[in-house]
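Read-outs throughout are calculated quantities, based only on the coordinates presented, and are distinct from any laboratory measurement. From a predicted model like this one, the values you see are computed outputs, not experimental measurements. For neighbour counting, all protein chains shown are included, and Cβ atoms are generated from backbone atoms with ideal geometry for every residue, glycine included.
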Amino acid sequence: MKNVLKKISLLLVIIIGIVTVTNAQAKRKADKDTETWRYEIEVVQTGTQGTYLIKVWSYSKKPDVAIEQAKKNAVHGIIFKGFTGKSTVPGQKALATNVNLEEEKADFFKPFFDDGGKYMKFVSLSNDGAVAAEDRMKVGKEYKVGVIVSVNVSALRKDLEDAGIIKSLGAGFN
């Protein structure tokens, strides 16, 4: 009986080790995919006060990685790219007007966009991250996956202003 318990314990340790290594590899892959910031944004609709519902198209060799990175890409897009509008929803310019801001404030943005970083406060997946069949397509050796997310642009802007990263909307009038 004692030998059986030792074997079971050893087996559990091995399984936990394999899972940990696999998760670490997936995280490195997700980070690599995000480092290049390859994504597209399209507006879906205006959400509740100060939020936008947008579709983020992310690229990765694994669809589940693209889905997870969509939240990070959405916040990055609101800060640095903005998006064009459509007939019923106005577009939005990027919150950052300085094209070099991400590099100049790398000490702020690196931890901000780390897994589980502060960016998570401003974004949530719509429909629990479910992806419609037409929003998952194979492009060459990777997938292009469209995920609808909600971004609280008002809270994001205020946080970036309070941190001194961007100027407030009224700063030019003082």
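So how many residues does region 84-99 have that are surrounded by 14 or more Cβ atoms within 10 Å (Cβ to Cβ) and either of a type in the set (A, V, I, L, M) or in a helix (DSSP H, G or I) (or both)?
Final tally of qualifying residues: 4.
Any residue at all in region 109-119 that's closer than 14 Å to residue 69 by Cα, surrounded by 15 or more Cβ atoms within 10 Å (Cβ to Cβ) and of a type in the set (Gly, Ala, Ser)?
Looking for residues that are closer than 14 Å to residue 69 by Cα, surrounded by 15 or more Cβ atoms within 10 Å (Cβ to Cβ) and of a type in the set (Gly, Ala, Ser), one finds none in region 109-119, hence no.
Regarding region 107-124, can at least one residue be identified that is within 18 Å of residue 75 (Cα to Cα), more than 16 Å from the chain's Cα centre (by Cα), among the charged types (D, E, K, R) and in a helix (DSSP H, G or I)?
Yes, there is a match, as at least one residue in region 107-124 is within 18 Å of residue 75 (Cα to Cα), more than 16 Å from the chain's Cα centre (by Cα), among the charged types (D, E, K, R) and in a helix (DSSP H, G or I).
For residue 102, indicate whether it is assigned to a helix (DSSP H, G or I), among the acidic types (Asp, Glu) and under 18 Å from residue 74 (Cα atoms).
Against the criterion (assigned to a helix (DSSP H, G or I), among the acidic types (Asp, Glu) and under 18 Å from residue 74 (Cα atoms)), residue 102 qualifies.
Taking the residues in region 149-171 that are of a type in the set (A, V, I, L, M) and not in a loop (DSSP other than H, G, I, E, B) as candidates, determine which candidate is surrounded by the most Cβ atoms within 10 Å (Cβ to Cβ).
Here the answer is 151.
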